[in-house]
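Some notes on the structure that comes next.
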Amino acid sequence: MTTEQPAPLLDLLATLDLEELGSARVSVQPLSTAGELAGDAPVPLPETFAEDITLFRGQSQKQPHGRVFGGQVLAQGVIASGRTVRAVEGQEHRRLHSLHAYFMRPGDDTQPITFSVERMRDGRSFSTRRVHAVQHGKPILSMSCSFQEPDGGLDHQDPSPGAPDPTTVPSLAEVFAGIDHPAARHMAEGRAIDQRHVEGNLFVTPATDEVADQRVWMRATGRLPDDPLVHDAVLAYASDYSLLESVLRRHGRTWTAKGLRVASLDHAMWFHRPARADEWILYAQHSPSATGGRGLGIGRMFTADGTMVATVAQEGMVRLPDA
């Protein structure tokens, strides 16, 4: 990459360039047998079992609110787990096909994050990894990732919902340009992802129609390396930006609603077909339910030519004092 790239994109690529700290085969002593936990007769288990663990360290991006952006940790976990798959002979072409994550604690954007990757299984077609992101000695994210050898088989997809050409939809950079406020400057100048809300964004003005659906065009703000793992990581990064907005839109709320508290609780993503994160992706989002201070968002990603490339699901805490 060159210095001609936008600064936020260079920062994102630097954030994804993890430092490998080393690997070890660790013997772990079981705390108890399954039978003892259940109150039944003990079930014989080996005295110890071994785990292959590789450690990485990554920097944190500064955010206006001082907390680590959840999409950043997802993307770094994708890079860390993918590197351990590629390190196994004959598995360099395996692609990420799913991830399942829980956000456990808010991250501190002033500190680096350590990623512990456990090699769970390497089969003939699939590789499974478990990742823990740790700060201050405590996990902030726990994630499982699965990678697959290229394969054929049955093939079908949902049709794209369609949307106006992305060049005709205002970007957040255009909407917030020239506004002298830290959050507005971050939207206009500090993001590596170009987002364009087809139905209008919810940062200041509520939706005119209280529906649980919205469409967002998005892509990286510059050219990315020709590495499929980087593109998958950036798609995971971008997937966390706007999905819970479908909950707010359904109830006529904005991100600036008084007393609003939103936090991602978990995140799942399935990668169906290869895609470049530096080309236009239509992110079609829907919220099927909100209850108990939680809201669920479901998203589908399509390329500009209508190819379905990913499905995303996220539940988040969505609390309002008057709800």
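The values are calculated or read from the model by the stated rules, or taken from the named source; none is laboratory data. Nothing here was measured: the structure is a model prediction, and the numbers come from that model. Note that we place each Cβ from the backbone using ideal geometry, even for glycine, and neighbour counts take in every protein chain shown.
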Being of a type in the set (A, V, I, L, M) and not in a strand (DSSP E or B) is the filter; apply it to the stretch 265-287 and report the residue that is nearest to Arg219 (Cα to Cα). Ala277
Go through (1) assigned to a strand (DSSP E or B); (2) under 24 Å from Pro106 (Cα atoms); (3) charged (D, E, K, R) one by one and return the number of the condition Arg253 breaks. (1)
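I'm trying to understand the selection: among the residues of the stretch 67-98, which are part of a strand (DSSP E or B), within 18 Å of Val134 (Cβ to Cβ) and modelled with pLDDT of 95 or more? Before you say what the answer is, go through the steps one by one.
Of the residues in the stretch 67-98, the ones part of a strand (DSSP E or B) are 67, 95-98.
Okay, now just the ones that are also within 18 Å of Val134 (Cβ to Cβ), so 67.
Of everything in the stretch 67-98, nothing turns out to be part of a strand (DSSP E or B), within 18 Å of Val134 (Cβ to Cβ) and modelled with pLDDT of 95 or more.
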Given (1) at pLDDT 55 or above; (2) in contact with a Pro (Cβ under 7 Å, 6 or more places away or on another chain), identify the lone condition not met by Thr33. (1)
Residue within the stretch 74-83 that is among the small types (Gly, Ala, Ser) and over 23 Å from Gly22 (Cβ atoms) present: no
Is it the case that Ala207 is more than 27 Å from Arg94 (Cβ to Cβ) and touching a helix residue (DSSP H, G or I) at 6+ places or on another chain (Cβ under 9 Å)? yes
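Here's the yes/no breakdown for (1) farther than 22 Å from Leu282 by Cβ; (2) modelled with pLDDT under 95:
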site	(1), (2)
Ala173	no, yes
Ala177	yes, yes
Arg185	yes, yes
Gln195	no, no
Val198	no, no
Thr205	yes, yes
Val211	no, no
Met218	no, no
Arg223	no, no
